[in-house]
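Report on one structure; see the data block that follows.
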Amino acid sequence: MSLYANPTKSSPPSPYLPSACRIEEALRPTAKEKFFRLAPHDPHILNYSPGQFFMVGLPGYGEAPISITSGPDEGCIELCIRAVGNVTNAIHRLEKGDTLWVRGPFGRGFDVEGMAGKDLVFVAGGIGIAPMRSLVKAVIKRGGFGRLTLLYGAKGPEEILYGDEFEGWRAKGVDVRITIDRPSPGWKGYVGVVTTLIPPLDIDEGRTLAVVLGPPVLYKFVIWGLRHKGIKDDDMLLSLERRMKCGLGKCGHCQINCVYVCQEGPVFRLSELKGLPEAI
Amino acid sequence: MRDFERPKAAFFSFTSCEGCQLAILSCEEALPEILKRIEVVNFREAMSERSDDYKIAFIEGSVSTEEEIARVTKIRERADFVVALGACATTGGLNCLKNRFPMDDVKRIVYGKDAGQIETVPARPIDSVIKVDYRLHGCPISGKEFLAFFADLVMGRSPRTPNYPVCVDCKMAGNICVFEKGMYCVGPVTRAGCDAICVTYGSVCWGCRGYVDDPNVNAHRETLKRYGLTAKGVAQKLDLYGGKKQ
Amino acid sequence: MEENAQYLYITDRGFKALVKGLLKERRVYGTVRKDGFPAFKEISGAEEIELVQTPTHLSAKEFLFPQREVLLKFDIKDNTHEAVVEAGDQAIIGLHPCDIRAIGLMDRVFSCGAQDVNYLARRGRTILIGSDCMPDRYCFCKSLGDTDVDSGFDIFLHRLKTGFIARTGTEVGADLIRKFAGPRMPSPRELTELEGLRTRREGSFTATLEAPPEALPGIYAMSDESPVWERIGSICYGCGSCNNVCPTCYCFDVRDEVRANLNDGERVRTWDGCTLDDFARVSGGHDFRKTRAARLKHRFNRKFRYLSGRFDSLFCVGCGRCSRACLVRINIAEVTNELIRESYKK
């Protein structure tokens, strides 16, 4: 009697088995981040929407949840990975031609169709620009929106991500405004945290959706600023970061009150987070 | 697979029973693999050659003489990475029991008429003298944890130290709680990683791995009293492994 | 006796024959006394089993959701992964009604959404045999609804002075009884004895909740700001014992373990606990539930509120194991009653 029987052919595949992706391109834009463009062996996983994430891993190091930074239907997966732990540090050592392993896509992303026709204000802090890029690209590609404004705050000029793409976005009608936290030699743009870009905005609060992506500390202040501009909680969308081990709604790490971030999120309307005191 | 570098490592013994070095030597099957990845230049329990050229220093034992203070300082100067090996090195260990008495009394009790020639200072963990980069806890250390640390070191992962109490390991091992059996232990405030072997083999947790990062010592003091220990008994229970640091 | 069609009588010898029969084809876990206390343990002979009536200190979840379980094997050099499903035929004997209800809840968790093949494969090869219980001072399943179960098991045994009344919950269970235990229809006297046992048990509960189960999610929803959390948080160790002994706590950690050759390894899941430090800490260092009070509140809410919408059930089965295991005497029924009383004042 074997205790190590393999599942029968009819049983579903293990949801923990990752699928291989070849690294087509690996770039290091900043000291902390690295960009990867991946070609997956299994084309099914290309079917993702902005705001969703993959569990990205390496054998021997484990997995970490990473949001998608490429637009949908681009035929590849692009990730922007910041080295903050064992998994991401190990991934940073990979180069073009190496293999990265992913499971997903997981979670509820942005409903781009449902947002059509609205004015959009994108507010990104730090690495929040990575998932925001996916959404901005999807919005540009679809078209049929009102005014598009991107507010992006980085610590310093050397930490700005996707800086070379903003001109292209501006050409497509996105008003891109960038600020850095502290003055820096040669920097002629805005200085101050990203929330300082909100008050001068001319917002038609009846037809505006705001999308906020960034580190946990960002949310409270940005939400406060947006509410002051008359934007209702129902019209604010944000994405929550949590520890995750499975992406399947089982391991319990990403649970906030009643919700599993990996299932009902990571994208939420602010109004949905009412009654979830642990959310932000 | 990328090639990992093969760093030079040295093992040193201070005031201890050298049981932690033996715990490493008893990882017999893994030793050839380990030696492929690190070059051992100093290991008193296993080899006679010595070298002062090393990157990683494993230090076992607590510091209990002026001479040891000087020696451990020298090792720190030479090594890039210092690992405290076992309870004596990480918490001071059982050696700290002597700190409960005046040093002159300790010398007289242990060495009798020769006491005058003995140099001793209160025993202490090595990080009270030098900076320590990583701690392998336990009396002795667990071979399993040593191997995991070795893998982390060579593969470039930051080593993980369990930050939960022995109760977790104990429940996972399927043990009946020692308090149910009418005994006392300090497992609820002690760092796990030992698989609760003491309890599994019928004893209690003595606290050899030191406190977890955020121990609820007050709660445990109350628990020990509630189960019948006197205040003195409680203090001794919590202090057995000496310099238990918060 | 149509209404008693599912009730059969088997002798003590019939029970032993059943266990023996099971042992021939599968691993068998049963209740025993370990250091004098009730516990589940793998057994190799029918005589080892003692159908203990009070709850085991640890639940039976480890046989379906082991403390440590391999999900994948990998080879770093070859850059390959292989899914691993460790499942074998097994039987668990001596489950109390609360244990059986807990397994039903675990079934829902692991089959909801993505199928957790590791759990489900093992569960599919497990025979569940229940047996009667008698509440101790921590048991409060009666306050959460039924004290008995009528499904979720293959066989349920009620111990009589001699022999057992066996109820069968599945065809597999009925076949096993027929094949090994030599059943017959119970006599009226035996059925009366069973009724007496049930009545005695119903009257033996001392711990009770002061509100009906359907009111509990609402009461917990009103209790976010309760001073109870700070008070019990101040005495809690954060030792995770409540999580580990709980038959419905299913949170886990996943990590990679590599052999000394630094090439072969396994992706392993182990039990984790929401009351432990670091459970909700993200890579950047932010901890979403820093205090023991916040973590305890999370755990209690998971049992009575957070999961009730998702799985259409409370996630506490009233077994009292967490209260029994808690060295600082945080008692789940007493805490809940305190919240109930606070809610009446509001």
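I'm trying to understand the selection: among the residues of the stretch C:289-317, which are without any contact (Cβ under 8 Å) to a residue 40 or more places away in the chain and under 17 Å from residue B:213 (Cβ atoms)?
C:289, C:290
Can you pull out the residues in the stretch A:58-72 that are assigned to a loop (DSSP other than H, G, I, E, B) and free of Cβ contacts under 8 Å to residues at least 60 places away in the same chain?
The answer is A:59, A:60, A:61.
With the structure loaded, tell me whether residue B:34 is within 14 Å of chain C (Cβ to nearest Cβ), surrounded by fewer than 24 Cβ atoms within 10 Å (Cβ to Cβ) and closer than 29 Å to residue A:61 by Cα or whether it fails that test. Show your work before the answer.
Values: within 14 Å of chain C (Cβ to nearest Cβ): yes; surrounded by fewer than 24 Cβ atoms within 10 Å (Cβ to Cβ): yes; closer than 29 Å to residue A:61 by Cα: yes.
Yes, satisfied.
Go through C:245, C:254, C:282 for me and flag whichever is β-branched (Val, Ile, Thr), within 10 Å of another protein chain (Cβ to nearest Cβ) and crowded, with 24+ Cβ neighbours inside 10 Å.
Values: C:254 fails: crowded, with 24+ Cβ neighbours inside 10 Å; C:282 fails: crowded, with 24+ Cβ neighbours inside 10 Å.
Only one candidate qualifies: C:245.
I'm checking my understanding of the structure. Among residues of the stretch C:263-279 that are among the β-branched types (Val, Ile, Thr) and either within 15 Å of residue C:244 (Cβ to Cβ) or surrounded by 20 or more Cβ atoms within 10 Å (Cβ to Cβ) (or both), which one is nearest to the chain's Cα centre (by Cα)?
Just the residues of the stretch C:263-279 that are among the β-branched types (Val, Ile, Thr), to begin with: C:268, C:270, C:275.
Adding the requirement that they be either within 15 Å of residue C:244 (Cβ to Cβ) or surrounded by 20 or more Cβ atoms within 10 Å (Cβ to Cβ) (or both) leaves C:270, C:275.
Details: C:270: 17, C:275: 18 Å.
Among them, the one singled out is C:270.
Consider only pairs whose beta carbons are under 7 Å apart and that are at least six residues apart or on different chains; among these, list those whose first residue lies in the stretch C:52-74 and is in the same structural domain as residue C:86 (by TED's automatic domain parsing) and buried (at least 20 other Cβ atoms within 10 Å of the Cβ) and whose second residue is among the aromatic types (Phe, Trp, Tyr) and assigned to a loop (DSSP other than H, G, I, E, B).
C:65/C:250; C:71/A:16; C:72/A:16
Six or more apart or on different chains, Cβ atoms under 6 Å: show the pairs whose first residue is in the stretch B:63-74 and in the same structural domain as residue B:94 (by TED's automatic domain parsing) and in a loop (DSSP other than H, G, I, E, B) and whose second is modelled with pLDDT under 95 and surrounded by fewer than 16 Cβ atoms within 10 Å (Cβ to Cβ).
Between residues of the stretch B:63-74 that are in the same structural domain as residue B:94 (by TED's automatic domain parsing) and in a loop (DSSP other than H, G, I, E, B) and residues that are modelled with pLDDT under 95 and surrounded by fewer than 16 Cβ atoms within 10 Å (Cβ to Cβ), the close pairs are B:65/B:119.
Consider residue A:240 carefully, then state whether it is over 20 Å from residue A:14 (Cβ atoms), touching a residue at least 40 places away in the same chain (Cβ under 8 Å) and either touching a Phe, Trp or Tyr at 6+ places or on another chain (Cβ under 9 Å) or not charged (D, E, K, R) (or both).
Details: over 20 Å from residue A:14 (Cβ atoms): yes; touching a residue at least 40 places away in the same chain (Cβ under 8 Å): yes; either touching a Phe, Trp or Tyr at 6+ places or on another chain (Cβ under 9 Å) or not charged (D, E, K, R) (or both): yes.
In short, yes.
Could you please find all residues in the stretch A:125-148 being assigned to a strand (DSSP E or B) and closer than 24 Å to residue A:30 by Cβ?
Of the residues in the stretch A:125-148, the ones assigned to a strand (DSSP E or B) are A:125, A:148.
The answer is A:125, and nothing else.
Within the stretch A:96-124, which residues are of a type in the set (D, E, K, R) and either outside any loop (DSSP other than H, G, I, E, B) or more than 14 Å from chain C (Cβ to nearest Cβ) (or both)?
In the first step, residues of the stretch A:96-124 are kept if they are of a type in the set (D, E, K, R); the result is A:96, A:98, A:103, A:108, A:111, A:113, A:118-119.
If the condition is that a residue be of a type in the set (D, E, K, R) and either outside any loop (DSSP other than H, G, I, E, B) or more than 14 Å from chain C (Cβ to nearest Cβ) (or both), then A:96, A:103, A:108, A:111, A:113, A:118, A:119 are the ones that fit.
Within the stretch C:82-105, how many residues are away from chain A (no Cβ under 14 Å) and assigned to a helix (DSSP H, G or I)? Break it down stepwise before answering.
Keep residues of the stretch C:82-105 that are away from chain A (no Cβ under 14 Å), which gives C:92-104.
Subset that is assigned to a helix (DSSP H, G or I): C:97-104.
Number of matching residues: 8.
Does residue B:158 meet the test of being over 18 Å from residue B:233 (Cβ atoms), among the hydroxyl-bearing types (Ser, Thr, Tyr) and either touching a Cys at 6+ places or on another chain (Cβ under 9 Å) or more than 10 Å from chain C (Cβ to nearest Cβ) (or both)? Let's see the steps before the verdict.
Details: over 18 Å from residue B:233 (Cβ atoms): yes; among the hydroxyl-bearing types (Ser, Thr, Tyr): yes; either touching a Cys at 6+ places or on another chain (Cβ under 9 Å) or more than 10 Å from chain C (Cβ to nearest Cβ) (or both): yes.
Yes; evaluated as a whole, the condition is true for this residue.
So that you can scan it fast, the table gives a plain yes or no per residue for (1) basic (Lys, Arg); (2) assigned by TED's automatic domain parsing to the domain that holds residue B:84; (3) touching a His at 6+ places or on another chain (Cβ under 7 Å); (4) part of a loop (DSSP other than H, G, I, E, B):
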residue: B:151; (1), (2), (3), (4): no, yes, no, no
residue: B:160; (1), (2), (3), (4): yes, no, no, yes
residue: B:171; (1), (2), (3), (4): yes, no, no, no
residue: B:175; (1), (2), (3), (4): no, no, no, yes
residue: B:183; (1), (2), (3), (4): no, no, no, yes
residue: B:204; (1), (2), (3), (4): no, no, no, yes
residue: B:207; (1), (2), (3), (4): no, no, no, yes
residue: B:215; (1), (2), (3), (4): no, no, no, yes
residue: B:222; (1), (2), (3), (4): no, no, no, no
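Residue-by-condition table, conditions (1) of a type in the set (D, E, K, R); (2) over 19 Å from the mean Cα position of the chain (by Cα):
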{"position": "B:168", "(1), (2)": "no, yes"}
{"position": "B:174", "(1), (2)": "no, yes"}
{"position": "B:179", "(1), (2)": "no, yes"}
{"position": "B:192", "(1), (2)": "no, no"}
{"position": "B:221", "(1), (2)": "yes, yes"}
{"position": "B:237", "(1), (2)": "yes, no"}
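So, in the stretch B:107-130, of the ones that are in a loop (DSSP other than H, G, I, E, B) and farther than 19 Å from residue B:211 by Cα, which residue ends up nearest to the other protein chains (Cβ to nearest Cβ)?
Filtering the stretch B:107-130 down to residues in a loop (DSSP other than H, G, I, E, B) leaves B:118-123, B:125, B:129-130.
Next, only the ones that are farther than 19 Å from residue B:211 by Cα stay: B:118-122, B:129-130.
Details: B:118: 41, B:119: 41, B:120: 36, B:121: 35, B:122: 30, B:129: 28, B:130: 26 Å.
Only one residue fits best here, namely B:130.
Taking only pairs six or more apart or across chains, which ones have beta-carbon atoms under 8 Å, a first residue in the stretch A:29-57 that is small (Gly, Ala, Ser), and a second residue that is part of a loop (DSSP other than H, G, I, E, B) and surrounded by 18 or more Cβ atoms within 10 Å (Cβ to Cβ)?
A:49/A:72; A:49/A:109; A:49/A:110; A:51/A:107; A:51/A:109; A:51/A:110; A:57/A:18
Conditions tested, residue by residue: (1) in contact with a strand residue (DSSP E or B) (Cβ under 9 Å, 6 or more places away or on another chain); (2) in the same structural domain as residue A:139 (by TED's automatic domain parsing); (3) modelled with pLDDT of 95 or more.
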position: A:159; (1), (2), (3): yes, yes, no
position: A:177; (1), (2), (3): yes, yes, yes
position: A:184; (1), (2), (3): yes, yes, no
position: A:193; (1), (2), (3): yes, yes, no
position: A:196; (1), (2), (3): yes, yes, no
position: A:205; (1), (2), (3): no, yes, no
position: A:209; (1), (2), (3): yes, yes, yes
position: A:215; (1), (2), (3): yes, yes, no
position: A:220; (1), (2), (3): no, yes, no
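Please verify whether residue C:177 is away from every other protein chain (no Cβ under 14 Å), within 30 Å of residue A:243 (Cα to Cα), modelled with pLDDT of 95 or more and touching a Ser or Thr at 6+ places or on another chain (Cβ under 9 Å), treating the condition exactly as stated.
Details: away from every other protein chain (no Cβ under 14 Å): yes; within 30 Å of residue A:243 (Cα to Cα): no; modelled with pLDDT of 95 or more: yes; touching a Ser or Thr at 6+ places or on another chain (Cβ under 9 Å): yes.
It is false that residue C:177 is away from every other protein chain (no Cβ under 14 Å), within 30 Å of residue A:243 (Cα to Cα), modelled with pLDDT of 95 or more and touching a Ser or Thr at 6+ places or on another chain (Cβ under 9 Å).
Please work out which residue is farthest from the chain's Cα centre (by Cα), limiting yourself to the stretch A:79-118 and to residues that are surrounded by 18 or more Cβ atoms within 10 Å (Cβ to Cβ) and charged (D, E, K, R).
The qualifying residue farthest from the chain's Cα centre (by Cα) is A:118.
For the stretch A:244-280, give me each residue that is of a type in the set (D, E, K, R) and crowded, with 22+ Cβ neighbours inside 10 Å. Step through it out loud before you land on a result.
Narrowing the stretch A:244-280 to residues of a type in the set (D, E, K, R): A:245, A:250, A:264, A:269, A:272, A:274, A:278.
Within the stretch A:244-280, A:245, A:250 meet the criteria.
Among the residues of the stretch C:62-81, is any touching a Phe, Trp or Tyr at 6+ places or on another chain (Cβ under 9 Å), in a helix (DSSP H, G or I) and either more than 7 Å from every other protein chain (Cβ to nearest Cβ) or at pLDDT below 95 (or both)?
yes
Out of all the residues in the stretch B:226-235, is one or more crowded, with 17+ Cβ neighbours inside 10 Å and under 21 Å from residue C:245 (Cβ atoms)?
No: the stretch B:226-235 contains no residue that is crowded, with 17+ Cβ neighbours inside 10 Å and under 21 Å from residue C:245 (Cβ atoms).
Run down C:165, C:177 and say which single residue is within 21 Å of residue C:146 (Cβ to Cβ), assigned by TED's automatic domain parsing to the domain that holds residue C:54 and in contact (Cβ under 8 Å) with a residue 60 or more places away in the chain. Lay out the reasoning, then the answer.
Working: C:177 fails: within 21 Å of residue C:146 (Cβ to Cβ).
Just a single option satisfies the conditions, and that option is C:165.
Would you check which residues across the stretch A:207-223 are free of Cβ contacts under 8 Å to residues at least 12 places away in the same chain and in contact with a helix residue (DSSP H, G or I) (Cβ under 9 Å, 6 or more places away or on another chain) and list them? Give the steps one after another, and end with the answer.
Step one: list which residues in the stretch A:207-223 are free of Cβ contacts under 8 Å to residues at least 12 places away in the same chain, which gives A:217.
If the condition is that a residue be free of Cβ contacts under 8 Å to residues at least 12 places away in the same chain and in contact with a helix residue (DSSP H, G or I) (Cβ under 9 Å, 6 or more places away or on another chain), then no residue fits.
Somewhere in the stretch A:155-168, is a residue aromatic (Phe, Trp, Tyr) and more than 30 Å from residue C:255 (Cβ to Cβ)? Working first, answer last.
Keep residues of the stretch A:155-168 that are aromatic (Phe, Trp, Tyr), which gives A:162, A:166.
Going one step further and asking which of them are more than 30 Å from residue C:255 (Cβ to Cβ), we end up with A:162, A:166.
Yes, some residue in the stretch A:155-168 is aromatic (Phe, Trp, Tyr) and more than 30 Å from residue C:255 (Cβ to Cβ).
The values are calculated or read from the model by the stated rules, or taken from the named source; none is laboratory data. Everything numeric in this text was worked out from a predicted model, so none of it was measured. Here Cβ is always computed from backbone atoms with ideal geometry, including for glycine, and neighbour counts include all displayed protein chains.
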